[in-house]
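Have a look at the structure below, then the notes.
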Amino acid sequence: MSLKPSVNTNDHAQGNENADLVIVEYGDYQCPYCGAAYPVLKELMKEFGGQVKFVFRNFPLSEMHQYARPAAIAAEAANLQGKFWEMHDAIFENQGFLNESFLITLAEKLDLNIPQFEKDLQKVELKEKVDSDFESGVMSGVNGTPSFFINGNKFNGGAEDLLELVRENVN
């Protein structure tokens, strides 16, 4: 399966904007497997951030994870204040405590403007962004989280396999 749509300006990306190696993760902020993948992906970016572009797309499995969608919307709201990755990291690092009021606590820790943040959480376009990420995952054949794509092609392994692959191929 290939990635639809391709990585574009609506995506949250870190690392090297013009890298030849583009990794996309479809993730769910409450998924324990995504939580386990998070430190591995941090390691990958620490080692290869200069050679890799890493993109995160929302794939909240709302049936199973009641806070996955609110967390995704919170990260999108943080993005409006220029702190998407800080919120993304804070959620994964505190995954065990996730609930709606805790998302506000994280926003406070990140020094976000809280009244603005709370207002932004209600914005329809943030909900639409999360939904459109989710739909793109469905079109791309994502059926669980985390799911990874490398240069537009589905990668059938976990974060550890991904790190291994990058280590073998980048140096």
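One table, with the values for the structure above:
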quantity	calculated
Listed pairs Lys46/Lys119; Lys46/Lys109; Lys53/Lys123; Lys119/Lys154 exceeding 32 Å between Cα atoms	Lys46/Lys119; Lys119/Lys154
Tilt relative to the chain, helix 124-139 - C-alpha long axis, 0 to 90 degrees, to 10	30 degrees
For segment 1-126, accessible area per residue (1.4 Å probe, heavy atoms of protein chains only), Å²	48 Å²
Degrees, to the nearest 10: 32-48 long Cα axis against longest axis of the chain	60 degrees
Cα long-axis angle, helix 68-79 against the chain (0 to 90 degrees, to the nearest 10)	90 degrees
Antiparallel bridge percentage (DSSP; both residues within the chain; nearest 5)	65 percent
Centroid-to-centroid separation of segment 131-156 and segment 1-60 [C-alpha atoms, Å]	11 Å
Contact order relative to length of the chain, as percent, for alpha carbon pairs under 8 angstrom and 6 or more apart	35 percent
Unit charges on C-beta of K, R, D, E only; dipole of the chain, Debye	160 debye
Segment 17-130, accessible surface, carbon-and-sulfur percent (1.4 angstrom probe)	51 percent
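The values are calculated or read from the model by the stated rules, or taken from the named source; none is laboratory data. Just so you know, these numbers come straight off a predicted model, no measurement behind them. Here the Cβ is made from the backbone with ideal geometry for all residues, glycine too, and neighbour counts use every protein chain on show. SASA here: full protein model, heavy atoms, side chains in, ligands and nucleic acids out. Shrake-Rupley method; radii C 1.70, N 1.55, O 1.52, S 1.80 Å.
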